[in-house]
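The values are calculated or read from the model by the stated rules, or taken from the named source; none is laboratory data. A quick note: this is a predicted structure, and the numbers were derived from the prediction, not measured. Quick reminder, even Gly has a Cβ in these numbers, built from the backbone with ideal geometry, and neighbours come from all protein chains shown.
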Amino acid sequence: MIVGGGGEVGGGGETGDPAATMGPHVIVIPFPAQGQVTPMLKLAEILCLAGIRVTFLNSHHNHRRLLSSAAVGARLARRPGLHLRSIPDGVPEDHPRTADRMMELFDSFNAAARPAFRELLLLLVSGGGDAPPVTCVLADGLLDFPVEVGEEAGLPVLLFRTSSASSFWAYCCIPDLIQRGEIPFQDGGDLDALLGSVPGTESFLRRRDLPSFCRAKVVGDAIMQYVKGLSEKAIRCRGLIFNTTELAEESILAHIRKQIPLVYTIGPIHKLLKAVESTPATCTAEGGGGRGWVSSSNSSSLWKEDRASVEWLDGRPPASVVYVSFGSVTVLTKEQFYEFWHGLVGSGYDFLWVLRPGLVVGDAGDLRQGMMAALPVGRKERAFLVEWAPQEEVLAHPAVGCFLTHSGWNSTLESICAGVPMVCWPYFADQQINSRFVSEVWGIGVDMKDTCDRTLVERAVREVMEGESSTKMREAAAAMAMTTREAFAEGGSSHSSLERIIRDIKSMSS
Ligand SMILES: O=c1ccn([C@@H]2O[C@H](COP(=O)(O)OP(=O)(O)O[C@H]3O[C@H](CO)[C@@H](O)[C@H](O)[C@H]3O)[C@@H](O)[C@H]2O)c(=O)[nH]1
């Protein structure tokens, strides 16, 4: 039982904070982007429900955006012992914070947040203010400074890698990949060659499927060296947390555990939070492909969710709509956008597309109207564009038959939970390896990696919606939703792993 382990559920912010004067106190610091804030905030909320005090550090920019939703603010204010603080991310307010400018955000966050984090941690660890001393640092595995500052303060550090365990494992294998000459490689190198240096993946992982940061041309490539360094640092930490299930990445986890003994698997964290909040009876009552589990009440969106997307889905036939979203940081050229658009229109299926501001380079907001106007009469009502959707709810809607996704790990997990098969167009980072698992390991979708033309988009969508392998993919997706549900239900592997984290964190304060 997780809820109430020494805490008071719904105690409310400062007042009724059971952990105000004693007990464990965790400081949580995510990389300042949606894909990291979402899972780390959900874990923070669970820890609070278990009676652990949490100081959660957002960037000033994300802190404002998160709390601009009154509903989110009200929910977080009711979490017992959750204290939201913010630190600078170092980039100007109007910086796009998108994938094409990600290294700027990395560099500036590392420079600007480090001193602010250090100052706050040293204050909190000494029992400064009215808070009990911090007893544990829970940091995003993408950041290196919290490990160093945590060590300086003499605190145990837990790392949360919010991407797949497989991508982390590929980064751990960089020295072997280099030694065997499998990376780096030049333009024209055989991307389809199978790799032998990532144990557990020998039968299906090609060069093409390595996380994009491994696609370097020289050994000294700065990004590749950075991710390699992070993996080495992870070995020094008290424990490593993944937002995954034991079953989904079984063979990979076994290899990681040979290097890092304490690995927790608490995925999918968005479902685990719901399970912790529900009674056990509610947790096990659902059947089928995971439908009917979701509400947007646990949202941590940094954009305003447009609920018109759900209303648009209402009343449409089951499994008739393609949902399209490329996550929070992907950037498309106009040419890529047109290829996807024409491929989707050509497929003949209705589609709901998240056209996030900044998704398409050079789009001043006119693309949406222009493309809708260009649709033939009789077709207009069959496409719907929104700036941001309540994605979990959309994926759980019976009308959604397929997810055209960039294969971000959160989106992948959310689709798995909903039993929705995917068309994958991985953009960067871990997405390249996630999409290979979707198509080759789990058999729940197709992978369009490195290709983007309208004919292929149309073909891939048709394949998942109605093609020869469609039934097989749907069955595999429904089965995976079921085993995933078993993992996060009470007694399941993710639920048990979460209980262990809570026990371990509590023992750090005694
Ligand atoms: O209209 C939308 C679109 C997205 N989302 C949510 O936004 C999150 C997006 O996360 P993810 O799918 O992981 O994509 P990114 O935003 O691209 O995430 C970054 O972080 C992930 C976790 O580390 C990595 O797997 C990705 O490669 C990296 O780009 C998900 O929870 C979605 O539900 C919405 O709520 N509404």
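Give me the residue from the stretch 375-395 that is in contact (Cβ under 8 Å) with a residue 12 or more places away in the chain and in a helix (DSSP H, G or I) and, out of that set, farthest from the ligand (Cβ to nearest atom). Applying the filter and picking the extreme gives Arg382. Of everything listed in (1) free of Cβ contacts under 8 Å to residues at least 60 places away in the same chain; (2) within 15 Å of the ligand (Cβ to nearest atom); (3) of a type outside the set (Lys, Arg), the single unmet condition for Asp363 is (2). Quickly run through the stretch 427-444 and pick out the residues that are on the phi > 0 side of the Ramachandran plot and more than 14 Å from the ligand (Cβ to nearest atom). Of everything in the stretch 427-444, just one residue is on the phi > 0 side of the Ramachandran plot and more than 14 Å from the ligand (Cβ to nearest atom), namely Gly443.
Scanning the stretch 132-152 for residues that are surrounded by fewer than 19 Cβ atoms within 10 Å (Cβ to Cβ) and either more than 30 Å from Gln431 (Cβ to Cβ) or basic (Lys, Arg) (or both) yields Pro132, Pro133, Glu151, Glu152. Among the conditions (1) assigned to a helix (DSSP H, G or I); (2) over 18 Å from the mean Cα position of the chain (by Cα); (3) over 15 Å from Ala319 (Cα atoms), the only one that Glu463 does not satisfy is (3).
For the stretch 401-435, the set of residues classified as over 16 Å from the mean Cα position of the chain (by Cα) and surrounded by fewer than 24 Cβ atoms within 10 Å (Cβ to Cβ) consists of Gly401 only.
Among the residues of the stretch 203-237, those that are crowded, with 16+ Cβ neighbours inside 10 Å and not in a helix (DSSP H, G or I) comprise Leu205, Arg206, Leu210, Pro211, Arg215, Ala216, Asp221, Cys237.
Taking the stretch 309-350 as the range and being among the small types (Gly, Ala, Ser) and not in a helix (DSSP H, G or I) as the test, the residues that pass are Gly315, Ala319, Ser320, Ser325, Gly327, Ser328, Gly348. Find the residue count for the stretch 396-428, including only residues that are aromatic (Phe, Trp, Tyr) and assigned to a helix (DSSP H, G or I). Result for the stretch 396-428: 1.
Please find, among Gly315, Gly348, the residue that is in the same structural domain as Glu392 (by the TED database), modelled with pLDDT under 95 and on the phi > 0 side of the Ramachandran plot. Even if it seems obvious, please write down each step before you answer.
Numbers: Gly348 fails: modelled with pLDDT under 95.
Result of the check over Gly315, Gly348: Gly315.
Is it the case that the stretch 162-173 has a residue that's small (Gly, Ala, Ser) and touching a Leu at 6+ places or on another chain (Cβ under 7 Å)? Yes, the conditions are met somewhere in the stretch 162-173.
The strands (runs of 3 or more DSSP E) falling completely within the stretch 73-177 that include 3 or more residues that are within 16 Å of the ligand (Cβ to nearest atom) map to 136-140, 157-161. Quickly run through the stretch 50-65 and pick out the residues that are surrounded by fewer than 24 Cβ atoms within 10 Å (Cβ to Cβ) and either within 16 Å of the ligand (Cβ to nearest atom) or in a helix (DSSP H, G or I) (or both). Listed by number, the residues that qualify are His60, His61, Asn62, His63, Arg64, Arg65.
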